[in-house]
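Working notes, beginning with the structure itself.
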Amino acid sequence: MGAMMATFSRGLDSDIHIASFSFIVTGLLYRFTHEQLERKLPKWDQFAQPLRDRMAVEIACIPVRLGLIFFTLPTVWNAFSPAETWTAADTSNSLFACALMTGAYLFDLIIYREDILSILHHCMGPALLLWTRTCFSTFLPADALVSRSLQMFVFWGAATGGIAATSGVFLLRVGKKYLARRQVHQYFSYCVAFLTITTVLSCYMNVLYFLHTWNQAFAYFGPWIAPLPVIWETFECYLQWRWLLRFYDLEAKLRVPKTSSAAAAASEKDGGNNRLRSASPDSSSDDQMVSASTDPAPIVSLFPAKTVPCIRMLVWQWIVLLGALWFKLIQDSYLSLAGMREVEGSVAAQDVVFNMTG
(Lines give C-alpha, C1' and ligand atoms only; values in the text may rest on other atoms or scores of the structure.)
Protein backbone atom coordinates (compact mmCIF):
# COMPACT_ATOMS: atom_id res chain seq x y z
CA MET A 1 0.00 0.00 0.00
CA GLY A 2 2.81 2.39 0.87
CA ALA A 3 4.60 1.67 -2.41
CA MET A 4 1.36 2.28 -4.32
CA MET A 5 0.82 5.64 -2.61
CA ALA A 6 4.43 6.63 -3.30
CA THR A 7 4.00 5.80 -7.00
CA PHE A 8 0.75 7.76 -7.14
CA SER A 9 2.40 10.73 -5.41
CA ARG A 10 5.30 10.74 -7.87
CA GLY A 11 2.88 10.56 -10.78
CA LEU A 12 0.80 13.42 -9.39
CA ASP A 13 3.94 15.52 -8.98
CA SER A 14 4.76 14.90 -12.63
CA ASP A 15 1.23 15.93 -13.64
CA ILE A 16 1.53 19.15 -11.62
CA HIS A 17 4.84 20.00 -13.28
CA ILE A 18 3.43 19.45 -16.79
CA ALA A 19 0.25 21.38 -16.00
CA SER A 20 2.31 24.24 -14.52
CA PHE A 21 4.50 24.32 -17.62
CA SER A 22 1.40 24.43 -19.83
CA PHE A 23 -0.10 27.19 -17.67
CA ILE A 24 3.06 29.32 -17.89
CA VAL A 25 3.49 28.80 -21.65
CA THR A 26 -0.15 29.69 -22.26
CA GLY A 27 0.29 32.84 -20.17
CA LEU A 28 3.38 33.89 -22.12
CA LEU A 29 1.64 33.23 -25.43
CA TYR A 30 -1.33 35.22 -24.16
CA ARG A 31 0.85 38.29 -23.53
CA PHE A 32 2.66 37.83 -26.85
CA THR A 33 -0.65 37.54 -28.73
CA HIS A 34 -1.98 40.68 -27.05
CA GLU A 35 1.11 42.63 -28.11
CA GLN A 36 1.02 41.34 -31.68
CA LEU A 37 -2.66 42.11 -32.14
CA GLU A 38 -2.12 45.64 -30.83
CA ARG A 39 0.73 46.15 -33.30
CA LYS A 40 -0.74 44.48 -36.35
CA LEU A 41 -4.44 45.36 -36.19
CA PRO A 42 -5.52 48.99 -36.58
CA LYS A 43 -8.08 50.21 -34.05
CA TRP A 44 -7.58 47.11 -31.92
CA ASP A 45 -7.95 49.27 -28.82
CA GLN A 46 -11.52 50.11 -29.88
CA PHE A 47 -12.68 46.61 -29.08
CA ALA A 48 -13.97 45.93 -25.58
CA GLN A 49 -11.27 44.82 -23.16
CA PRO A 50 -13.04 41.53 -22.30
CA LEU A 51 -13.27 40.75 -26.01
CA ARG A 52 -9.57 41.47 -26.56
CA ASP A 53 -8.64 39.30 -23.60
CA ARG A 54 -10.90 36.45 -24.76
CA MET A 55 -9.56 36.46 -28.32
CA ALA A 56 -5.95 36.60 -27.10
CA VAL A 57 -6.35 33.62 -24.78
CA GLU A 58 -8.18 31.58 -27.42
CA ILE A 59 -5.28 32.09 -29.83
CA ALA A 60 -2.75 31.39 -27.07
CA CYS A 61 -4.35 27.98 -26.45
CA ILE A 62 -3.88 26.84 -30.06
CA PRO A 63 -0.29 25.51 -29.58
CA VAL A 64 -1.50 23.41 -26.65
CA ARG A 65 -4.37 22.12 -28.79
CA LEU A 66 -1.83 21.08 -31.43
CA GLY A 67 0.10 19.25 -28.74
CA LEU A 68 -3.08 17.46 -27.70
CA ILE A 69 -3.51 16.24 -31.28
CA PHE A 70 -0.01 14.75 -31.23
CA PHE A 71 -0.47 12.89 -27.95
CA THR A 72 -4.04 11.64 -28.48
CA LEU A 73 -4.03 10.72 -32.19
CA PRO A 74 -2.58 7.20 -31.65
CA THR A 75 -5.31 6.44 -29.10
CA VAL A 76 -8.08 7.67 -31.39
CA TRP A 77 -6.65 5.76 -34.35
CA ASN A 78 -6.67 2.49 -32.38
CA ALA A 79 -9.84 3.18 -30.41
CA PHE A 80 -11.66 -0.01 -31.41
CA SER A 81 -8.65 -2.34 -31.26
CA PRO A 82 -8.47 -4.99 -28.51
CA ALA A 83 -7.53 -3.72 -25.06
CA GLU A 84 -4.48 -5.97 -25.12
CA THR A 85 -2.86 -3.61 -27.65
CA TRP A 86 -2.79 -0.84 -25.01
CA THR A 87 0.73 -0.20 -23.73
CA ALA A 88 2.36 1.78 -20.94
CA ALA A 89 3.30 4.40 -23.52
CA ASP A 90 -0.41 4.92 -24.27
CA THR A 91 -1.08 5.55 -20.59
CA SER A 92 1.82 8.04 -20.48
CA ASN A 93 0.48 9.88 -23.53
CA SER A 94 -2.98 9.98 -21.99
CA LEU A 95 -1.72 11.48 -18.75
CA PHE A 96 0.55 13.94 -20.57
CA ALA A 97 -2.33 15.14 -22.76
CA CYS A 98 -4.62 15.58 -19.74
CA ALA A 99 -1.95 17.55 -17.89
CA LEU A 100 -1.31 19.80 -20.91
CA MET A 101 -5.01 20.50 -21.27
CA THR A 102 -5.38 21.18 -17.54
CA GLY A 103 -2.70 23.88 -17.53
CA ALA A 104 -4.12 25.67 -20.57
CA TYR A 105 -7.71 25.41 -19.32
CA LEU A 106 -6.80 26.73 -15.87
CA PHE A 107 -5.28 29.82 -17.45
CA ASP A 108 -8.30 30.15 -19.72
CA LEU A 109 -10.60 30.11 -16.69
CA ILE A 110 -8.99 33.24 -15.21
CA ILE A 111 -10.05 35.22 -18.30
CA TYR A 112 -13.59 36.55 -18.26
CA ARG A 113 -16.32 34.30 -19.64
CA GLU A 114 -20.07 34.86 -19.69
CA ASP A 115 -21.20 31.44 -20.90
CA ILE A 116 -21.72 29.19 -17.85
CA LEU A 117 -21.66 26.01 -19.94
CA SER A 118 -18.26 26.98 -21.36
CA ILE A 119 -16.95 27.49 -17.84
CA LEU A 120 -18.21 24.04 -16.83
CA HIS A 121 -16.67 22.55 -19.97
CA HIS A 122 -13.25 23.99 -19.13
CA CYS A 123 -13.51 22.78 -15.54
CA MET A 124 -13.55 19.29 -17.08
CA GLY A 125 -9.83 19.65 -17.83
CA PRO A 126 -8.61 19.37 -14.22
CA ALA A 127 -11.36 16.84 -13.46
CA LEU A 128 -10.26 14.69 -16.38
CA LEU A 129 -6.64 14.71 -15.23
CA LEU A 130 -7.56 13.78 -11.66
CA TRP A 131 -9.89 11.00 -12.84
CA THR A 132 -7.30 9.57 -15.22
CA ARG A 133 -4.47 9.71 -12.68
CA THR A 134 -6.63 8.18 -9.93
CA CYS A 135 -8.34 5.39 -11.88
CA PHE A 136 -6.55 4.79 -15.18
CA SER A 137 -2.82 5.06 -14.50
CA THR A 138 -1.85 1.43 -13.88
CA PHE A 139 0.12 1.45 -17.17
CA LEU A 140 -1.61 -1.85 -18.01
CA PRO A 141 -4.20 -2.79 -20.68
CA ALA A 142 -6.92 -2.19 -18.06
CA ASP A 143 -6.40 1.56 -18.58
CA ALA A 144 -7.66 1.29 -22.17
CA LEU A 145 -11.35 0.81 -21.37
CA VAL A 146 -12.21 4.37 -20.34
CA SER A 147 -9.02 6.21 -21.33
CA ARG A 148 -9.78 5.66 -25.02
CA SER A 149 -13.17 7.35 -24.68
CA LEU A 150 -11.72 10.25 -22.70
CA GLN A 151 -8.93 10.76 -25.23
CA MET A 152 -11.43 10.81 -28.09
CA PHE A 153 -13.15 13.72 -26.37
CA VAL A 154 -9.80 15.47 -25.98
CA PHE A 155 -8.82 14.89 -29.63
CA TRP A 156 -12.11 15.80 -31.30
CA GLY A 157 -13.45 18.34 -28.82
CA ALA A 158 -10.60 20.18 -27.12
CA ALA A 159 -8.01 19.84 -29.90
CA THR A 160 -9.30 19.73 -33.48
CA GLY A 161 -12.79 21.05 -32.77
CA GLY A 162 -11.37 23.73 -30.48
CA ILE A 163 -9.11 25.05 -33.24
CA ALA A 164 -12.05 25.27 -35.69
CA ALA A 165 -14.28 26.99 -33.13
CA THR A 166 -11.54 29.45 -32.14
CA SER A 167 -10.89 30.40 -35.76
CA GLY A 168 -14.59 30.88 -36.46
CA VAL A 169 -15.22 33.03 -33.39
CA PHE A 170 -12.18 35.20 -34.16
CA LEU A 171 -13.45 35.80 -37.70
CA LEU A 172 -16.87 36.85 -36.43
CA ARG A 173 -15.69 38.92 -33.48
CA VAL A 174 -12.64 40.56 -35.01
CA GLY A 175 -12.18 39.61 -38.66
CA LYS A 176 -15.45 41.21 -39.74
CA LYS A 177 -13.94 44.65 -39.01
CA TYR A 178 -11.02 44.11 -41.38
CA LEU A 179 -12.36 41.82 -44.11
CA ALA A 180 -15.18 42.09 -46.64
CA ARG A 181 -18.34 40.21 -45.75
CA ARG A 182 -17.77 37.72 -48.55
CA GLN A 183 -14.30 36.92 -47.25
CA VAL A 184 -15.56 36.51 -43.71
CA HIS A 185 -18.31 34.20 -44.92
CA GLN A 186 -15.91 32.13 -47.05
CA TYR A 187 -13.36 31.62 -44.28
CA PHE A 188 -16.07 31.05 -41.68
CA SER A 189 -17.65 28.40 -43.91
CA TYR A 190 -14.34 26.53 -43.93
CA CYS A 191 -14.37 26.60 -40.12
CA VAL A 192 -17.96 25.32 -40.07
CA ALA A 193 -17.11 22.48 -42.46
CA PHE A 194 -14.13 21.42 -40.35
CA LEU A 195 -16.16 21.70 -37.14
CA THR A 196 -18.86 19.53 -38.72
CA ILE A 197 -16.36 16.74 -39.39
CA THR A 198 -14.89 16.85 -35.88
CA THR A 199 -18.29 17.04 -34.14
CA VAL A 200 -19.89 14.19 -36.06
CA LEU A 201 -16.86 11.94 -35.63
CA SER A 202 -16.53 12.83 -31.94
CA CYS A 203 -20.15 12.18 -30.99
CA TYR A 204 -20.62 9.06 -33.07
CA MET A 205 -17.27 7.47 -32.24
CA ASN A 206 -17.85 7.96 -28.52
CA VAL A 207 -21.37 6.58 -28.37
CA LEU A 208 -20.47 3.65 -30.63
CA TYR A 209 -17.39 2.96 -28.50
CA PHE A 210 -19.47 2.80 -25.33
CA LEU A 211 -22.02 0.54 -27.00
CA HIS A 212 -19.16 -1.65 -28.24
CA THR A 213 -17.51 -1.95 -24.81
CA TRP A 214 -20.56 -1.60 -22.59
CA ASN A 215 -20.39 -5.03 -20.94
CA GLN A 216 -16.79 -4.46 -19.87
CA ALA A 217 -17.51 -0.87 -18.81
CA PHE A 218 -20.50 -1.85 -16.67
CA ALA A 219 -18.57 -4.71 -15.11
CA TYR A 220 -15.75 -2.28 -14.28
CA PHE A 221 -17.87 0.56 -12.84
CA GLY A 222 -20.78 -1.35 -11.32
CA PRO A 223 -24.39 -0.12 -11.06
CA TRP A 224 -23.62 2.88 -8.83
CA ILE A 225 -20.73 4.44 -10.79
CA ALA A 226 -21.71 3.38 -14.34
CA PRO A 227 -23.97 6.45 -14.86
CA LEU A 228 -20.93 8.74 -14.54
CA PRO A 229 -19.32 8.05 -17.97
CA VAL A 230 -22.76 8.05 -19.64
CA ILE A 231 -23.58 11.44 -18.13
CA TRP A 232 -20.14 12.68 -19.24
CA GLU A 233 -20.85 11.43 -22.77
CA THR A 234 -24.25 13.12 -22.85
CA PHE A 235 -23.04 16.49 -21.57
CA GLU A 236 -19.91 16.75 -23.73
CA CYS A 237 -21.69 15.72 -26.92
CA TYR A 238 -24.56 18.09 -26.18
CA LEU A 239 -22.09 20.97 -26.00
CA GLN A 240 -20.50 19.94 -29.31
CA TRP A 241 -23.83 19.62 -31.17
CA ARG A 242 -24.95 22.92 -29.65
CA TRP A 243 -21.87 24.77 -30.97
CA LEU A 244 -22.12 23.18 -34.41
CA LEU A 245 -25.77 24.10 -34.93
CA ARG A 246 -25.08 27.61 -33.68
CA PHE A 247 -22.26 27.96 -36.22
CA TYR A 248 -24.66 26.98 -39.02
CA ASP A 249 -27.10 29.64 -37.79
CA LEU A 250 -24.31 32.21 -37.86
CA GLU A 251 -23.28 31.14 -41.37
CA ALA A 252 -26.88 31.66 -42.53
CA LYS A 253 -27.03 35.12 -40.92
CA LEU A 254 -23.78 36.10 -42.60
CA ARG A 255 -25.40 35.46 -45.98
CA VAL A 256 -28.34 37.75 -45.26
CA PRO A 257 -27.48 41.35 -46.30
CA LYS A 258 -28.12 44.00 -43.72
CA THR A 259 -29.86 47.03 -45.19
CA SER A 260 -28.58 50.52 -44.61
CA SER A 261 -31.71 51.48 -42.70
CA ALA A 262 -31.32 48.51 -40.38
CA ALA A 263 -27.67 49.31 -39.88
CA ALA A 264 -28.51 52.93 -39.06
CA ALA A 265 -31.17 51.84 -36.58
CA ALA A 266 -28.73 49.47 -34.90
CA SER A 267 -26.09 52.19 -34.80
CA GLU A 268 -28.50 54.67 -33.24
CA LYS A 269 -29.72 52.11 -30.74
CA ASP A 270 -26.24 51.10 -29.64
CA GLY A 271 -24.62 54.49 -29.78
CA GLY A 272 -22.59 54.01 -32.96
CA ASN A 273 -19.28 52.31 -32.27
CA ASN A 274 -20.28 51.57 -28.69
CA ARG A 275 -21.32 48.15 -29.93
CA LEU A 276 -17.64 47.33 -30.22
CA ARG A 277 -16.96 48.47 -26.70
CA SER A 278 -19.90 46.69 -25.06
CA ALA A 279 -19.89 43.36 -26.88
CA SER A 280 -19.26 40.45 -24.57
CA PRO A 281 -16.82 37.80 -25.80
CA ASP A 282 -19.21 35.00 -24.88
CA SER A 283 -22.47 36.78 -25.58
CA SER A 284 -25.33 34.56 -26.63
CA SER A 285 -26.51 37.20 -29.14
CA ASP A 286 -25.66 36.00 -32.63
CA ASP A 287 -26.62 39.40 -34.05
CA GLN A 288 -23.62 40.97 -32.32
CA MET A 289 -21.34 38.65 -34.25
CA VAL A 290 -22.71 39.24 -37.75
CA SER A 291 -24.14 42.76 -37.68
CA ALA A 292 -21.07 44.77 -38.64
CA SER A 293 -21.47 44.57 -42.43
CA THR A 294 -23.86 46.74 -44.44
CA ASP A 295 -22.98 45.14 -47.80
CA PRO A 296 -26.36 44.63 -49.56
CA ALA A 297 -25.10 41.97 -51.99
CA PRO A 298 -26.46 38.47 -51.25
CA ILE A 299 -24.04 35.61 -50.66
CA VAL A 300 -24.53 32.07 -51.86
CA SER A 301 -23.84 29.39 -49.27
CA LEU A 302 -20.92 27.06 -49.87
CA PHE A 303 -23.01 24.22 -48.42
CA PRO A 304 -25.74 22.24 -50.21
CA ALA A 305 -29.30 23.32 -49.45
CA LYS A 306 -30.08 20.25 -47.35
CA THR A 307 -26.98 20.45 -45.18
CA VAL A 308 -28.62 21.68 -41.98
CA PRO A 309 -31.54 19.20 -42.20
CA CYS A 310 -28.98 16.42 -42.69
CA ILE A 311 -27.06 17.62 -39.64
CA ARG A 312 -30.25 17.63 -37.59
CA MET A 313 -31.01 14.11 -38.84
CA LEU A 314 -27.54 13.05 -37.67
CA VAL A 315 -28.31 14.59 -34.27
CA TRP A 316 -31.52 12.58 -33.98
CA GLN A 317 -29.77 9.39 -35.05
CA TRP A 318 -27.14 10.07 -32.41
CA ILE A 319 -29.91 10.62 -29.84
CA VAL A 320 -31.33 7.19 -30.73
CA LEU A 321 -27.90 5.60 -30.18
CA LEU A 322 -27.52 7.52 -26.92
CA GLY A 323 -30.97 6.31 -25.90
CA ALA A 324 -29.85 2.73 -26.51
CA LEU A 325 -26.86 3.38 -24.25
CA TRP A 326 -29.07 4.78 -21.49
CA PHE A 327 -31.43 1.81 -21.91
CA LYS A 328 -28.50 -0.58 -21.43
CA LEU A 329 -27.44 1.35 -18.34
CA ILE A 330 -30.92 1.28 -16.77
CA GLN A 331 -31.50 -2.35 -17.69
CA ASP A 332 -28.17 -3.63 -16.40
CA SER A 333 -28.38 -1.49 -13.26
CA TYR A 334 -31.85 -2.85 -12.49
CA LEU A 335 -30.82 -6.46 -13.08
CA SER A 336 -27.63 -6.01 -11.08
CA LEU A 337 -29.38 -4.42 -8.10
CA ALA A 338 -32.18 -6.99 -8.26
CA GLY A 339 -29.62 -9.76 -8.25
CA MET A 340 -27.87 -8.21 -5.28
CA ARG A 341 -31.17 -8.08 -3.40
CA GLU A 342 -31.82 -11.73 -4.22
CA VAL A 343 -28.38 -12.70 -2.95
CA GLU A 344 -28.91 -10.68 0.23
CA GLY A 345 -32.31 -12.33 0.73
CA SER A 346 -30.84 -15.77 0.19
CA VAL A 347 -28.06 -15.10 2.67
CA ALA A 348 -30.57 -13.82 5.21
CA ALA A 349 -32.73 -16.92 4.74
CA GLN A 350 -29.72 -19.18 5.22
CA ASP A 351 -28.86 -17.34 8.42
CA VAL A 352 -32.38 -17.86 9.72
CA VAL A 353 -32.27 -21.57 8.93
CA PHE A 354 -28.82 -21.87 10.52
CA ASN A 355 -30.02 -20.15 13.69
CA MET A 356 -33.11 -22.35 13.87
CA THR A 357 -31.10 -25.56 13.44
CA GLY A 358 -28.19 -24.39 15.51
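The values are calculated or read from the model by the stated rules, or taken from the named source; none is laboratory data. Because the structure is a prediction, the values reported are computed rather than measured. The area values use the complete protein model at the heavy-atom level, side chains included, leaving out ligands, DNA and RNA. Shrake-Rupley method; radii C 1.70, N 1.55, O 1.52, S 1.80 Å.
Rounded to the nearest Hz, the phi-derived 3J(HN,Hα) couplings of the stretch 159-165 under the Karplus curve 6.51 cos²θ - 1.76 cosθ + 1.60 (θ = phi - 60°) are 8, 5, x, x, 5, 5, 5, where x marks glycine and proline.
Give me the percent of accessible area attributable to carbon and sulfur for the stretch 14-170, probe 1.4 angstrom. Walk me through the intermediate numbers first.
Values: 4710 of 6590 Å².
That share works out to 71 percent.
Taken one residue at a time, the phi angles of the stretch 127-139 give Karplus couplings (6.51, -1.76, 1.60, θ = phi - 60°) of 5, 5, 5, 5, 5, 5, 5, 6, 10, 10, 10, 7, 6 Hz. Gly and Pro are set to x. Based on the reciprocal of the average 1/r between different C-alpha atoms, the Kirkwood radius for the stretch 1-126 equals 16.5 Å. Our Cα-only numbers for the stretch 162-257 put the radius of gyration and Dmax at 17.9, 57 Å. For the stretch 81-124, the alpha-carbon radius of gyration amounts to 1.61 times the rule-of-thumb value 2.2 N^0.38 Å expected for a compact globular protein. Each residue of the stretch 75-81 is assigned a 3J(HN,Hα), and the resulting list reads 5, 5, 5, 10, 4, 9, 7 Hz, derived from the Karplus form 6.51 cos²θ - 1.76 cosθ + 1.60 (θ = phi - 60°), x at Gly and Pro.
All distinct Cα pairs of the stretch 101-140 go into the 1/r average, and the inverse of that average, the Kirkwood radius, is 11.0 Å.
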